[in-house]
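None of the figures in this text is laboratory data; all of them are computed from the coordinates on show. For clarity, every value in this text was computed on a predicted model and none was experimentally measured. Cβ coordinates were reconstructed from backbone atoms using ideal geometry, including for glycine residues, and neighbour counts include every protein chain displayed.
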Amino acid sequence: KTKRKSKSKAKSSAKSRKSSKSKSIKRTGKVNINTADAKTLTEFTGIGPVTAKKIIAYRRKNGKFKSAADLLNVKGIGEKTLKKMKPQLKF
């Protein structure tokens with residue numbers, strides 16, 4: 001006999017998957033975007049391992065970020081992601 005998830009359990013399971021995607025920074029204080037490693041960058045909401053690598057690659061190629069707006073030049077970072085990151089950034 002195969003057990004099936006009830007609709008309410010299926011919904012709560014879907015919610016837990018969604019909530020695991022929307023993580024926020026796990027530390028207090030600000031992060032220097034010009035020195036942060038990939039692991040630290042992935043602690044920002046909306047930044048996964050691929051985008052973290054893109055931030056580091058952009059930084060190596062173009063030099064230090066001078067302002068939060070410079071992050072918009074990194075593919076994968078848009079206005080919404082930047083807005084979430086901005087209060088936790090330092091340069």
Cα-centred dipole magnitude for region 37-91, charges only on beta-carbon of K, R (+1) and D, E (-1), debye, nearest 20 = 140 debye
inquiry  = What is the sum of charges, Lys and Arg at +1 and Asp and Glu at -1, for the other residues whose Cβ falls under 10 Å from the Cβ of ASN32?
reply    = +3
task = Kindly identify region 37-91 as rounded, prolate or oblate by the Cα gyration tensor criterion: order the square roots of the eigenvalues as a ≥ b ≥ c, call it rounded if a/c is under 1.5, otherwise compare a/b with b/c, prolate if a/b is larger, else oblate.
result = rounded
ask   = Projected onto the charge dipole of region 37-91 (+1 at Lys/Arg Cβ, -1 at Asp/Glu Cβ, origin at the Cα centre), which of VAL50, THR40, GLY63 gives the Cα projection farthest towards the positive end?
value = GLY63
query = Is there a pair in LYS30/LYS64; LYS30/LYS66; LYS30/LYS75 whose C-alpha atoms are over 18 Å apart, and which pairs would that be?
reply = LYS30/LYS75
